[in-house]
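First the structure, in the form of structure tokens, and then the observations on it.
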Amino acid sequence: MAMESKQTYNLVIVGFGGMGSYHGQLIEQAERVTVFGTYDPIEYRMELARSRGFRTYESFEAVLGDEEVDIVLVATPNDVHKELSIAALRAGKHVICEKPVTMNAADLLEIVQAAEEAQRIFTVHQNRRWDEDFLIVKDLFEHRKVGDVFHLESRVQGANGIPGDWRQLKAYGGGMLLDWGVHLLDQLLLLTDSKIHSVSADLSYILGTEVDDGFIATIKFKDGLNAVIEVGTTNYIKLPRWYVKGTEGTAVIHDWDLSGEIVTRNLEVEHVEPKPIQAGKGLTKTMAPPSEESTIRRAIEPVEDLSDSFYANLVSTLEGASTQAVPNAEVHRVLTLIETIFEAADSQCVIVREI
Ligand code: NAD
């Protein structure tokens, strides 16, 4: 008996810059989704696409008018995500949109409504929920590897400033809170089921751009977790990517190379008083390292990720076999938190708000 062949979905990448081109690479490895074409208003981007063997369209309208196109992937600057997504949905296409999906939470709801009306899938590429370092921290929480986590710090720090294009301009949705902020906040909200209790924040404008070149936000949850989230683009020396404190121990992950360690209390050993150490011009017992016998040190180990790839999940969602790996309600919550961080930084107040 002949095997039933499964449909391959034709996807067009709209915006063939850094990320559009990267999606091209990823989709070439994905099953049942193919890069059917690309569109970008800049001719040299289209030349680049052709040199990679991708078909190119002359206009966005031509993409929408092509009945063979099933999925439109929006990888343009942030300010046009909304109009391009809504137009594609209304033309009967499913849509993947890059993050930040929109520049505010209300705009996302308009897109979701357009998707419901068109009965098409709309999904956002918040891909760093699959980063290995994050999955390790999620595992720490879930398996109480440092006990109950009550404090975490999640940071990305570079020294290269804001990339020198639209990311420096407000009208295009530039700034680091809307850029890396989306990823770090998306990750944070996946770590606890608790609602947020309050938010305080500072945006940084060291580089003199009209948008933030970084930020530090302190987010307190109702379950007692305190999180410090930081993005910096003027850090010549970096702090660790993750620092996690629980009731039984502490974990640190220095970087995406997963270097770091987990140190926990050794429950099988009676507490051993540390010996005072010379520190600066004085002695201290309080700040002496814990004795070796009363602690257990472990290296950071990768955790297995059994989830489908983003595109495989989209295919099974299109076929009714799964639900979206990045639910739109979760995307909306991230945008609501971003709006609250802007508000907290502008007002220099602690915003007490359940989110
Ligand atoms: P980029 O400037 O490298 O590329 C954007 C491209 O969009 C350019 O080639 C530009 O000509 C094109 N473009 C502009 N307006 C257009 C329009 N109306 N129609 C079609 N094309 C248009 O920017 P980038 O770094 O690739 O970022 C693109 C998007 O991807 C942004 O939303 C960004 O936040 C997101 N992004 C996501 C990740 C991630 O990890 N998920 C990483 C990088 C960028």
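The values are calculated or read from the model by the stated rules, or taken from the named source; none is laboratory data. Please read all numbers here as calculations on a predicted model, not as lab measurements. For neighbour counting, all protein chains shown are included, and Cβ atoms are generated from backbone atoms with ideal geometry for every residue, glycine included.
Regarding segment 68-76, can at least one residue be identified that is β-branched (Val, Ile, Thr), more than 10 Å from the ligand (Cβ to nearest atom) and in a strand (DSSP E or B)?
Going through segment 68-76, the residues β-branched (Val, Ile, Thr) turn out to be 69, 71-72, 74, 76.
Those still in the list that are more than 10 Å from the ligand (Cβ to nearest atom) too: 69, 71-72.
In the following step, the residues that additionally are in a strand (DSSP E or B) were identified as 71-72.
Yes, there is a match, as at least one residue in segment 68-76 is β-branched (Val, Ile, Thr), more than 10 Å from the ligand (Cβ to nearest atom) and in a strand (DSSP E or B).
The residues of segment 307-338 that are touching a residue at least 24 places away in the same chain (Cβ under 8 Å) and over 20 Å from ARG128 (Cβ atoms), listed by number, are VAL315, LEU318.
Just one of the listed residues (VAL80, VAL63) is of a type outside the set (Asp, Glu), surrounded by 18 or more Cβ atoms within 10 Å (Cβ to Cβ), within 11 Å of the ligand (Cβ to nearest atom) and in a helix (DSSP H, G or I), namely VAL63.
Would you point out which residue out of GLY260, GLY280 is among the small types (Gly, Ala, Ser), over 30 Å from GLN7 (Cα atoms), modelled with pLDDT of 95 or more and surrounded by fewer than 17 Cβ atoms within 10 Å (Cβ to Cβ)? Give the derivation first.
Values: GLY260 fails: surrounded by fewer than 17 Cβ atoms within 10 Å (Cβ to Cβ).
On inspection, the qualifying residue turns out to be GLY280.
Restricting segment 96-107 to residues that are more than 11 Å from the ligand (Cβ to nearest atom) and among the hydrophobic types (A, V, I, L, M, F, W, C), which is farthest from GLU117 (Cα to Cα)?
First, the residues of segment 96-107 that are more than 11 Å from the ligand (Cβ to nearest atom): 104-107.
Among the residues that remain, those that are also among the hydrophobic types (A, V, I, L, M, F, W, C) are: 105-106.
Values: ALA105: 19, ALA106: 17 Å.
Ranking the candidates gives ALA105 first.
When VAL35 is tested against the conditions (1) more than 9 Å from the ligand (Cβ to nearest atom); (2) in contact with a Gly (Cβ under 8 Å, 6 or more places away or on another chain); (3) in contact (Cβ under 8 Å) with a residue 60 or more places away in the chain, the lone failure is (3). Taking segment 38-58 on its own, how many of its residues are more than 9 Å from the ligand (Cβ to nearest atom) and in a loop (DSSP other than H, G, I, E, B)? Residues in segment 38-58 being more than 9 Å from the ligand (Cβ to nearest atom) and in a loop (DSSP other than H, G, I, E, B): 6 in total.
Report, by residue number, each residue of segment 5-22 that is more than 6 Å from the ligand (Cβ to nearest atom), part of a loop (DSSP other than H, G, I, E, B) and at pLDDT 95 or above. Full working, then the answer.
Filtering segment 5-22 down to residues more than 6 Å from the ligand (Cβ to nearest atom) leaves 5-13, 21-22.
So of that shortlist, the ones also part of a loop (DSSP other than H, G, I, E, B) come out as 5-8.
Result: THR8, single match.
Of the residues making up segment 205-229, those that are out of contact with any Phe, Trp or Tyr (no Cβ under 6 Å at 6 or more places or on another chain) and surrounded by fewer than 20 Cβ atoms within 10 Å (Cβ to Cβ) number 13. For segment 150-172, filtered to residues that are closer than 16 Å to ILE206 by Cβ and loosely packed, with under 15 Cβ neighbours inside 10 Å, the residue that is modelled with the lowest pLDDT is GLY164.
Taking the numbered list (1) more than 16 Å from the ligand (Cβ to nearest atom); (2) within 18 Å of THR340 (Cβ to Cβ) in turn, GLY173 passes all entries but (1).
Taking the condition surrounded by 17 or more Cβ atoms within 10 Å (Cβ to Cβ), touching a helix residue (DSSP H, G or I) at 6+ places or on another chain (Cβ under 7 Å) and among the aromatic types (Phe, Trp, Tyr), does TYR243 pass?
Details: surrounded by 17 or more Cβ atoms within 10 Å (Cβ to Cβ): yes; touching a helix residue (DSSP H, G or I) at 6+ places or on another chain (Cβ under 7 Å): no; among the aromatic types (Phe, Trp, Tyr): yes.
No.
When LYS145, LYS138, LYS93 are checked against the criterion of being basic (Lys, Arg) and within 15 Å of the ligand (Cβ to nearest atom), LYS93 stands alone in meeting it.
In this structure, does VAL199 turn out to be touching a residue at least 40 places away in the same chain (Cβ under 8 Å), outside any loop (DSSP other than H, G, I, E, B) and β-branched (Val, Ile, Thr)?
Numbers: touching a residue at least 40 places away in the same chain (Cβ under 8 Å): yes; outside any loop (DSSP other than H, G, I, E, B): yes; β-branched (Val, Ile, Thr): yes.
For VAL199, the condition - touching a residue at least 40 places away in the same chain (Cβ under 8 Å), outside any loop (DSSP other than H, G, I, E, B) and β-branched (Val, Ile, Thr) - is met.
Only a single item in (1) within 18 Å of ASN235 (Cβ to Cβ); (2) under 19 Å from the mean Cα position of the chain (by Cα); (3) of a type in the set (Val, Ile, Thr); (4) more than 16 Å from the ligand (Cβ to nearest atom) is not met by ILE162, and it is number (4).
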